[in-house]
Amino acid sequence: MSDRMQEQLSVFNARIKRIEDPRNIYYRDPESGINIPKRVSKAAVLGKGKHAKPTLFGLLMALIVGLACLAAARYGRFNLAGIVEDPTSAHIVMLMDFGIAAVMAFVLGGMINQKSMRHMMAQTAGIAVMAVAMHNLVWMYPAEFAQVYTQAYVDEVRSATQPNTIYVGGETFALPDNPKLASL
């Protein structure tokens, strides 16, 4: 074997040794200059890492984010934009509230790392529950809502709805009486 071939073989073997070194976990990308991991687990590639499945607490927080975003959307619609709900526009106003709350919830959820489909479904469920049942809170706590939303909002809600009902697009549906809840 010639000296030139022997030199190339030793350079090649040294490179193989560096590549197979267990401490060598990154390679440097020549174009971007960043270190890229060589060995990535299958779980990390498939997104099954330690944060892949949302916890019960995370889903409850996502539900609360949805509830709060709908309350904020209604505040913005009524107090900031001055859009009042009347019987002819109830469906449109409800869709507007839902859409604004959904955008807010998804942006806020992204900022607090609630990006999974389950988180988004919990946020959507919170928005939906608050959209059809928020008026019950206004009936229970009118003075507190008047401090935050204004007395005009409380009066509007109380004139359009009844307590212990579900309100969907201008129509109220009575909830069945529950004696356990009545005793509270």
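The values are calculated or read from the model by the stated rules, or taken from the named source; none is laboratory data. What you are looking at is a predicted structure, and each value in this text was computed from that prediction instead of being measured. All Cβ positions, glycine included, derive from the backbone under ideal geometry; neighbour counts span all protein chains shown. Surface areas here come from the heavy atoms of the whole protein model, side chains and all, with no ligands, DNA or RNA. Shrake-Rupley method; radii C 1.70, N 1.55, O 1.52, S 1.80 Å.
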For the Cα atoms of the chain, what angle does the longest principal axis make with the long axis of helix 90-111, in degrees from 0 to 90, nearest 10? 30 degrees
In the chain the accessible area split gives carbon plus sulfur, as whole percent at 1.4 Å, a share of 64 percent
In degrees, nearest 10, range 0 to 90: what is the angle between the Cα axis of helix 117-140 and the longest Cα principal axis of the chain? 20 degrees
Mind checking the full-extension length gain between ALA160 and ASN113? Use 0.36 nm per residue of separation minus the Cα-Cα distance, one decimal, nm. 13.2 nm
When ranked by the protection proxy of mean other Cβ atoms within 10 Å per residue, highest first, what sequence do the peptides 71-82, 117-128 form? 117-128, 71-82
Could you give the length gained on full extension between LYS53 and THR88, defined as 0.36 nm per residue of separation minus the Cα-Cα distance, in nm? 8.3 nm
Using a basic spin-label model with each label point 7 Å from the Cα along Cα→Cβ, how many nm lie between ASP21 and MET121? 4.8 nm
Cα convex hull of segment 62-184 - mean projected area over all directions, nm²: 8.2 nm²
